[in-house]
Amino acid sequence: MIAPAKGGGDLSRAGRTHPAGGAADLPLDRVREQAEAFQEEINRGYYEALAGHRDSPGLEETYARYPELFDARRVEEVRAALDVADPAGDEGRRLRYLLDFLASGVEEEAGKEAEERYLTAEANAIVHVAGEAIPFRGVRVRIRNTPDRLRRREIAEAALLVSRTLQPHLRAGIEVAHEAARALGARDYVGWRAGLSGFDFERLLELTRIVLVETEAAYLDLFEYFARRELGLPRSEVRFWDLPHMLRGARFDAVFGAREMVDRVGGVVREMGLDPTAGGNVALDLDDRPRKSARAFCSPIRIPSEVKLVILPAGGADDYQAFLHELGHALHFGYVDPSAPFEFRNLGDNSITECYAATFDHCLLMPHWLRDVSGLEQPREFLLLQWFEELFMLRRYSAKLRYELELHARGPAPELADLYAEELERATGVVAPRERYLEDVDPRFYSVCYLQSWMLCGLLHRKLRERFDVDWYRNPRTGSYLSALFARGQRETAAELATMLGGPLDFDALLAWVREGLDRSP
């Protein structure tokens, strides 16, 4: 295991380049104006591609319209401005976020061709199984909804053939990102990302190590129970194609109907004093299209005035969870103060928006919410299944962080596939397919945003219960409290929001909730 650098290292002058050529000087106001326009275009392109309106997000065309933006000189200019700014003031904060955006944009611009090829190949890929053609993007949902174990295995193994064909595009994308970072002065990619993002990888490794130790016994007990309950198998025989169906909880489908989902959840949001459309800023995309991603997502095209929430309602608890998660994102973006600076509306630490998304999807862990909203009168089994999934995801992402740090330290070599499988198996008890060792990587350590969002979610749920009681979701004062947080956009870092919520940035509040949930599941 590597000993990753803490924040700061590669942003020192010793790690910088001083380009002699490149784009002409550009005033900061113009940089910010172009950055916001670029973000709107790129987010619209991704929305239209993933929502099935077109094959490709048009990355090359979009980047070509902003030739001055993602340039080494822009990065150097912002770093120079940051050197003389007050680090405790808003301008210093804005410049830090802008620097991260521009440096990340240089990486993305360098990798746009590989990304375009990957997305186009993924959108058009078909998995062939015993005469049936399944869109690759729909495989996850199909496996989750397939009760026949042999059929699940056939679909999963056929999908891995497609995954192998995608590896060259993914490998090229990671390699060019590393090259772009080196061209900007990075001595090592992990230290570079730590300096830009402020992520303290060393501390995160220790926190996730504690999580893996403290949750192991409960996780394995729940795994054994649900493997037998849902699959009729001992835990030792569960394979990666079984897990999605095991977590599916199909026996609860009648309680979580597709047609009622939007109205049910929207009604609760209104009861807590929030508008589900954030004053018309949030639009739902519920239509079915052949190439629409089966995975729900939120696309903040123009914050706060144009936010898309995309989902294919199919029913079931997982559908409700996905809708609640993306609704948390959408409400956050839709309620952002429109007068806030671009960097606070659009940039910053994405752990913040992931916290609000997790806060909403974690309503499925609340017995009162389940009874009031879904009508589930005897929720014990369902709650235990949800807590098992919570522990699975915590442990999985803890392992992913370890793997991704090694991947970016050593590069995307094929031998990393073994490490990927080993780390995931050690954490989850299930062998992960080696073919997905690049497919299952979050760019620029976005996995940290998920981990930190769970820390913040535990703190925010605790704060909501303390201030507004266990049924805070029905208290109209909750909306005022949440909308005030949403309005700040992503001005604060994860650690700063944790302080605002009454605790340090760690897993303690969440793990206390886990223990309470397992002890008191009715």
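The table for this structure:
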| item | result |
| --- | --- |
| Which listed residue, of G280, G273, is of a type in the set (G, A, S), part of a loop (DSSP other than H, G, I, E, B) and free of Cβ contacts under 8 Å to residues at least 24 places away in the same chain | G280 |
| Search result, residues across region 122-154 that are of a type in the set (A, V, I, L, M) and out of contact with any Phe, Trp or Tyr (no Cβ under 9 Å at 6 or more places or on another chain) | V129, A130, A133, I134, V139, V141, L150 |
| Number of positions in region 230-240 that are surrounded by 15 or more Cβ atoms within 10 Å (Cβ to Cβ) and assigned to a helix (DSSP H, G or I) | 3 |
| Residue in region 140-160 that is part of a helix (DSSP H, G or I), in contact (Cβ under 8 Å) with a residue 40 or more places away in the chain and under 30 Å from E61 (Cβ atoms) present | yes |
| Subset of region 67-76 (residues that are part of a helix (DSSP H, G or I) and in contact with a Gly (Cβ under 7 Å, 6 or more places away or on another chain)) | A72, R73 |
| Sole residue being without any contact (Cβ under 8 Å) to a residue 60 or more places away in the chain and among the small types (G, A, S), chosen from A427, A421 | A421 |
| Number of the condition not met by Y437 [criteria: (1) at pLDDT below 95; (2) buried (at least 22 other Cβ atoms within 10 Å of the Cβ)] | (1) |
| Total residues in region 374-411, condition farther than 30 Å from M261 by Cα and outside any helix (DSSP H, G or I) | 1 |
| F70 at pLDDT below 95, of a type in the set (A, V, I, L, M, F, W, C), buried (at least 17 other Cβ atoms within 10 Å of the Cβ) and under 26 Å from the mean Cα position of the chain (by Cα) | yes |
| Any hit, region 39-53, residues being without any contact (Cβ under 8 Å) to a residue 12 or more places away in the chain and either surrounded by fewer than 17 Cβ atoms within 10 Å (Cβ to Cβ) or touching a Ser or Thr at 6+ places or on another chain (Cβ under 7 Å) (or both) | no |
| Options L286, L243: the member that is in contact (Cβ under 8 Å) with a residue 60 or more places away in the chain, of a type outside the set (V, I, T) and either more than 15 Å from F323 (Cβ to Cβ) or out of contact with any His (no Cβ under 7 Å at 6 or more places or on another chain) (or both) | L243 |
| Residue in region 89-96 that is more than 26 Å from the chain's Cα centre (by Cα), closer than 17 Å to G195 by Cα and not acidic (D, E) present | yes |
| Hits in region 77-116 (condition: assigned to a helix (DSSP H, G or I), farther than 30 Å from A49 by Cβ and among the hydrophobic types (A, V, I, L, M, F, W, C)) | A80, A81, L82, V84, L95 |
| Members of region 420-431 found to be in contact with a Phe, Trp or Tyr (Cβ under 7 Å, 6 or more places away or on another chain), modelled with pLDDT of 95 or more and of a type in the set (A, V, I, L, M, F, W, C), listed by number | V430 |
| Failed item in (1) part of a loop (DSSP other than H, G, I, E, B); (2) touching a residue at least 60 places away in the same chain (Cβ under 8 Å), with P414 passing the rest | (2) |
| Residue list for region 469-515, filter: in a helix (DSSP H, G or I), among the polar types (S, T, N, Q) and surrounded by 16 or more Cβ atoms within 10 Å (Cβ to Cβ) | T478, S483 |
| Matching entry among A80, A51 (being over 27 Å from the mean Cα position of the chain (by Cα) and among the aliphatic types (A, V, I, L, M)) | A80 |
| Hits in region 179-231 - residues which are farther than 15 Å from T428 by Cα and among the polar types (S, T, N, Q) | S197 |
| Which numbered condition L243 misses (of (1) in contact with a helix residue (DSSP H, G or I) (Cβ under 6 Å, 6 or more places away or on another chain); (2) surrounded by 17 or more Cβ atoms within 10 Å (Cβ to Cβ)) | (1) |
| Qualifying residue in region 359-374 (condition: of a type in the set (F, W, Y), closer than 30 Å to L286 by Cβ and under 20 Å from the mean Cα position of the chain (by Cα)) | yes |
| Filter result for K292 (touching a Phe, Trp or Tyr at 6+ places or on another chain (Cβ under 6 Å) and among the basic types (K, R)) | no |
| Any hit, region 197-206, residues being outside any helix (DSSP H, G or I), on the phi < 0 side of the Ramachandran plot and either at pLDDT 95 or above or of a type in the set (K, R) (or both) | yes |
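Every residue, every condition in (1) surrounded by fewer than 23 Cβ atoms within 10 Å (Cβ to Cβ); (2) modelled with pLDDT of 95 or more; (3) hydroxyl-bearing (S, T, Y), yes or no:
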{"position": "Y356", "(1), (2), (3)": "no, yes, yes"}
{"position": "L365", "(1), (2), (3)": "yes, yes, no"}
{"position": "H368", "(1), (2), (3)": "yes, no, no"}
{"position": "E377", "(1), (2), (3)": "yes, no, no"}
{"position": "R380", "(1), (2), (3)": "yes, no, no"}
{"position": "L383", "(1), (2), (3)": "yes, yes, no"}
{"position": "W387", "(1), (2), (3)": "yes, yes, no"}
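The values are calculated or read from the model by the stated rules, or taken from the named source; none is laboratory data. Here the structure is a predicted model, which means the values were calculated and not measured. Every residue, glycine as well, gets a Cβ built from its backbone with ideal geometry; the counts of neighbours run over all protein chains shown.
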